[in-house]
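Participant: I'd like to ask some things about the structure below.
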Amino acid sequence: MTFPALSALVRGAMNEPSRDTIFALSSGRPPAAIAVIRVAGPRARAALEALGVKVPEPRRVGFARLRDPASGEVIDEGLVLFFEGAKSEVGEDTAELQPHGGRAIIATLLAALGRVEGLRPAEAGEFTRRAFENGKLDLTAVEGLADLVMAETEGQRRQAYRQMRGALGKQADAWRERLIKALALVEARIDFSDESDVPENLLAPAGAIARELATEIAAALADGHRGERLREGMVVAIAGPPNAGKSTLLNRLARREAAIVSPYAGTTRDVIEVHLDLGGMPVTLLDTAGIRETDDPVEMEGVKRAQARAAEADLVLWVVDAREDSSVAAAADRRSDESGPLTWLVRNKIDLTQGGSRGVEDGGAAGGTDGREPPKEAAANGAARGAQNSDAFEGVGRGALRNNEQKDWSNDLLANVVTRGLRGTSESGVQCTEPEFSISATTGAGVSCLVSALERQAAELLSGSEPALVTRARHRRALEDALAALARATARPVADREDLLAEELRLAARALGRLTGRVDVEDVLDVIFSDFCIGK
Ligand code: GDP
């Protein structure tokens, strides 16, 4: 995909001999087996020669000793590649060195390159910025690339890759071309309105194009914000009264010490965030401070923040002590605003509800404080008493869990199954589907069931049958602007007035041009490239 207009604009700058040649370490932090150092700009070839490298044929791999330009001493050896101007990813001569990834090697090579005339270290995102300026990538592809590098889950990776390959950019270009056709019809009508042999009705086909485009753009916007949400992840706030076991649950879900678990009420004063990968879908868990009435100013601030975060979440897990009376309705009521997010009720501590409170007590020694390693007896008690077992099988059957999580959860499931087998108990009557769950955060009973439900919810919220085109608020704004202009264009009496119609079509085309970065690009470039790291 190229941008003729834009590349023509910057081609002058590119060919200027004064354009800097930039270099940077593009691979990750050393030490590593191999490093990749990139050099791009008019003196990329000269940079290789300065290091004593015989420049390989473009796009062919060479092997070379890399020498200090001053002393001639060999610094290291490795593969070397060279790409010519327009055929390179950056759109300018680009050299790539692949030495060993040792700190001293990299430092010495970078210092040596810095001493080559016309070379300077690249700024963050500068290679990609040049690719954009040289018409190699449009703005949505640049954003896709940034997201691809940052993607933490499969779902995010897929979406980012599609965006980098031009899912939205190509569509926006196609829409814009059709708009320009419509505009040409209207302008022909304006130009030749006095001449008698101009077809009378040029406005009708222009109007038809505008209506079609409006329908298509509206359909792309009606995606439940899936694309943006997939970038951010489904936000799940764990809320509820103090001491209900929120932090313990968060730790169990996160498999690490993310929140301090304490037997004293009100210890979690801030909002703690944990990122999970559930079946390829990103989920951000928020542990909110115990929401309760308090006079302590520090705690009040925590409560305020917790309420604000919980109100913005996609889902609230309202955790209560299973020994207390509660219901989903009551949980939703406890939240300050009625119109707030979806709420699931999680009755925790079921290990204490059945057959008396043998075993784990709140904060008692048996409970442990890390929420991860309950003593064997407590785990057995919890597993035997709870009805976690049906969900254990469900989790296994669905093949729901992946990667590291999978390992951990599978162990958990296995433990549950084994315990059940030994004890031979299978109790029913415990809620295991949304919106109500019964769990023990300490023993893990019922947790796999909750995780499966979270995974289903994330998949429903973040992925649809069609991949989303809109993945950023910036895209949405631009498409909404285009749609608004099209709506005005197709509304009477504008549709009958050539000059007004032309103006609205022009505005719509401009909005689409902003989306791909053909117009009005300066305002957004710095924001977009601030997401990039050096070497990209
Ligand atoms: P939070 O204030 O809601 O975050 O509650 P914590 O996670 O700090 O837990 C309060 C106390 O309850 C701690 O002593 C935990 O060990 C204990 N606890 C949490 N979950 C369970 C559970 O499922 N069973 C039992 N027996 N104790 C639990």
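Participant: Treat the count of other C-beta atoms within 10 Å as a stand-in for reagent exposure and order Ser440, Ser448 from fewest to most.
Facilitator: Going from least to most buried by this count: Ser448, Ser440.
Participant: I would also like to ask the following. Stretched out fully, how many nm does the piece from Thr433 to Ala484 gain, at 0.36 nm a residue minus the Cα gap? The partial results should precede the final answer.
Facilitator: Working: separation 51, 0.36 × 51 = 18.36 nm, distance 4.21 nm.
Once the chain is fully extended between Thr433 and Ala484, it gains 14.2 nm.
Participant: Where in the range 210-227 is the amide nitrogen less than 16 Å from a point lying 7 Å along the Cα-to-Cβ axis of Glu177?
Facilitator: It comes to 213, nothing else.
Participant: Which whole-Hz couplings ³J(HN,Hα) result when phi for each residue of the range 239-244 is put into the Karplus expression 6.51 cos²θ - 1.76 cosθ + 1.60, θ = phi - 60°, listed in order with x for Gly and Pro?
Facilitator: My calculation for the range 239-244 gives 10, x, x, x, 6, 6 Hz in order.
Participant: Can you work out the FRET efficiency for the pair Leu342 and Tyr161, with r the C-beta to C-beta distance and R0 = 30 Å, to the nearest 0.05?
Facilitator: Numbers: r = 30 Å, r/R0 = 0.99.
Rounded to the nearest 0.05, the efficiency is 0.50.
Participant: Compute the FRET efficiency between Glu312 and Val61 as 1/(1 + (r/R0)^6), taking r as their Cβ-Cβ distance and R0 = 51 Å, and round to the nearest 0.05.
Facilitator: With a Förster radius of 51 Å, E is 0.50.
Participant: While we're here: What's log10 of I(q)/I(0) for the range 58-101 at q = 0.22 Å⁻¹, Debye sum over Cα points only, no solvent?
Facilitator: Cα-only, vacuum Debye calculation for the range 58-101: -0.75.
Participant: Sticking with this one: In the range 103-203, what is the volume of the convex hull around the alpha carbon atoms, normalised per residue and reported in Å³?
Facilitator: 153
Participant: Follow-up question, since we're still on this one. With label points built 7 Å along Cα→Cβ from the Cα atoms of Ala208 and Thr284, find their separation and express it in nm.
Facilitator: In this crude label model, Ala208 to Thr284 measures out at 4.7 nm.
Participant: Take the alpha carbon gyration tensor of the range 456-495, find the square roots of its eigenvalues, order them as a ≥ b ≥ c, and report rounded if a/c is under 1.5; if not, report prolate when a/b exceeds b/c, else oblate.
Facilitator: Here the range 456-495 falls in the prolate category.
Participant: Going down the table (Lys87/Lys181; Lys246/Lys349; Lys136/Lys181; Lys136/Lys536; Lys54/Lys136; Lys87/Lys136), which pairs top 21 Å between alpha carbons?
Facilitator: Lys87/Lys181; Lys136/Lys181; Lys54/Lys136
Values in this text are rule-based calculations from the coordinates and carry no lab data. Everything numeric in this text was worked out from a predicted model, so none of it was measured. Note: ideal-geometry Cβ built from the backbone for every residue, glycine included; neighbour counts use all protein chains shown.
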